[in-house]
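Accompanying notes for the structure given below.
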Amino acid sequence: MTKGLKFWIGWVMLVALLAVTANAAVVTAGPVTPTRKVFVLPIREDIMPPLVYVVRRGVKEAMEAKADLLVLDMETNGGRVDVTEEIIGIIARFPGQTVTFVNKKAFSAGAFIAFGTGKIYMAPQSVIGAAAPVMAAPGGGVQEIGGTMEIKASSAISALVRANAEKHGHNPEVADAMVKKTKELKLDDKIINEKGQILTLTDQEAARTYGKPAKPLLSAGTVENVEALVKKLNFEGALVKRIEPSGAEKLASWVNIISPVLLIIGIAGIYIEFKTPGFGLPGIIGVTAFAIYFFGGYVAGLTGLEWVAVFVVGIALVMLELFFFPGTIVLGLLGFGLILVSLVMAMVDMYPGMPSLPTLPQLRLPLNDLALAGFGSLVVIFILSRMMPKTNAYHVMVSRGASGARTEAALTATQERRIGQVGVALSTLRPGGKAQFGYEILDVVSVGDLIEKGRQVRIVGNSGHDAVVEGV
């Protein structure tokens with residue numbers, strides 16, 4: 001597999017170089033003056049899985065930069081409750097001050113997320129609320145939930161929002177009135193929300209004070225924009241960084257959904273490549289599948305280039321075991337272990353400051369995906385090993401022999417003359433490899449079991465452009 005080895009070695013060097021470059025330390029000259037940092041996260045459009053990746057990436061960057069303030073710049077009609085819970089959990093990991101700025105509107109799931117931050121500020125003419133649960137309609141759009149299902153959904157969501165409101169010092173009764181139609185909200189003998197209605201507040205209504213001592217109903221104040229908010233919170237002069245969506249989050253969300261399938265394709269492709277001479281389509285497909293898998297984890301904010309580098313080192317060690325030091329076992333086991341670790345860690349959600357070893361809950365989903373992929377790849381490999389040699393596609397995928405430039409007629413004649421020749425295996429045949437017959441070196445495929453390097457072999461037939469051999 002001379003061409004294949006060149007390809008793999010080149011790929012290893014390229015990815016390793018990228019990983020080293022990405023993680024290289026930046027040396028600065030002279031002392032650095034500490035500056036307070038503010039990170040601004042956009043909560044835009046519908047709250048769907050791609051937004052989780054933007055939030056996760058932004059929170060991790062803020063934590064790595066040791067930011068003092070995280071601002072959610074919100075303008076949304078809402079979205080999925082499960083995605084909302086995940087976003088609230090991510091924001092809760094930020095150790096500094098968290099603030100929601102309702103730029104224009106924070107409906108439904110947007111209001112839930114706002115209750116998960118320490119303070120809420122609103123822009124002029126902005127609104128927040130209307131958080132009653134709805135479900136997607138079959139033809140698109142949304143429709144109301146009725147009966148027992150509505151009661152159960154409202155109760156569960158209300159408990160979630162109240163818990164976050166209490167945690168951050170917001171009025172849980174206000175949160176309840178935004179979710180439940182059955183909730184009447186009354187403060188200072190004034191009815192804020194009538195029974196049968198869902199609470200929605202303007203910036204002025206949310207900022208009004210009630211009770212003794214007087215406290216704002218929900219909003220800590222009305223400000224014109226994020227810049228004014230930063231100034232009001234006494235962060236004037238701080239370094240402000242806005243996290244922008246990269247545009248790849250939607251693609252990454254689909255990639256992560258099909259990650260077990262990508263692993264199956266990657267494992268099966270690399271296995272077939274090792275079993276066939278040369279470097280061909282199976283290897284390209286396998287490498288591409290693994291590259292897409294790591295890309296999905298990277299864009300999702302789960303993995304960094306360091307785990308790509310670990311994966312490449314693992315592949316390199318397995319190759320050394322198979323083609324240069326067969327029988328050593330240690331290299332193969334170490335390489336296989338590094339591959340498994342990199343594939344799992346590529347989907348583990350780790351945050352700055354957390355323990356270096358992931359917990360069992362963090363490992364559960366990646367391990368499930370890997371187990372599913374392992375079983376699936378065994379099935380795929382078994383089917384392909386039985387069916388592929390009988391198809392024309394097999395001869396296209398494996399690499400051409402030295403005589404590939406000849407005409408088919410001349411090749412057939414040459415192959416017929418070779419039958420019965422005895423030569424020596426130049427590499428371990430698993431079953432593919434190379435063997436020398438006189439002065440001619442050929443791509444060969446063994447019949448049956450593995451044939452060790454240096455053993456005599458006899459040509460007994462042909463498979464496409466490869467000679468079929470047996471041990472003598």
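The values are calculated or read from the model by the stated rules, or taken from the named source; none is laboratory data. Note that the structure is predicted; figures quoted are calculated from it, not measured. Positions of Cβ are generated from backbone atoms using ideal geometry, with glycine treated the same way; all protein chains shown enter the neighbour counts.
Overview of results
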| read-out | value |
| --- | --- |
| Residue in segment 430-446 that is free of Cβ contacts under 8 Å to residues at least 60 places away in the same chain and over 24 Å from Ala413 (Cα atoms) present | no |
| Filtered residues of segment 114-130 (kept if of a type in the set (Val, Ile, Thr) and touching a helix residue (DSSP H, G or I) at 6+ places or on another chain (Cβ under 6 Å)) | Ile120, Ile128 |
| Number of positions in segment 66-85 that are under 23 Å from Pro95 (Cβ atoms) and at pLDDT 90 or above | 9 |
| Test: residue in segment 91-106 that is among the polar types (S, T, N, Q), surrounded by 22 or more Cβ atoms within 10 Å (Cβ to Cβ), part of a strand (DSSP E or B) and over 26 Å from the mean Cα position of the chain (by Cα) | yes |
| Segment 251-279 residues that are farther than 16 Å from Gly376 by Cα and among the acidic types (Asp, Glu), paired with ones that are at pLDDT 75 or above and assigned to a helix (DSSP H, G or I) (beta carbon under 9 Å, 6 or more apart) | Glu273/Ile284; Glu273/Ile285; Glu273/Gly286; Glu273/Val287 |
| Selection within segment 196-209 - surrounded by fewer than 22 Cβ atoms within 10 Å (Cβ to Cβ) and modelled with pLDDT of 80 or more | Gln197, Ile198, Thr200, Thr202, Asp203, Gln204, Glu205, Ala207, Arg208, Thr209 |
| Scan of segment 61-87 for residues that are assigned to a helix (DSSP H, G or I) and surrounded by fewer than 21 Cβ atoms within 10 Å (Cβ to Cβ), ordered by number | Glu61, Met63, Glu64, Val81, Asp82, Val83, Glu85, Glu86 |
| Scope segment 38-53; condition farther than 18 Å from Val102 by Cβ and under 14 Å from the mean Cα position of the chain (by Cα); matching residues | Pro49, Pro50, Val52, Tyr53 |
| Residues located in segment 165-198, provided they are within 36 Å of the chain's Cα centre (by Cα) and hydrophobic (A, V, I, L, M, F, W, C) | Ala165, Ala175, Met178, Val179 |
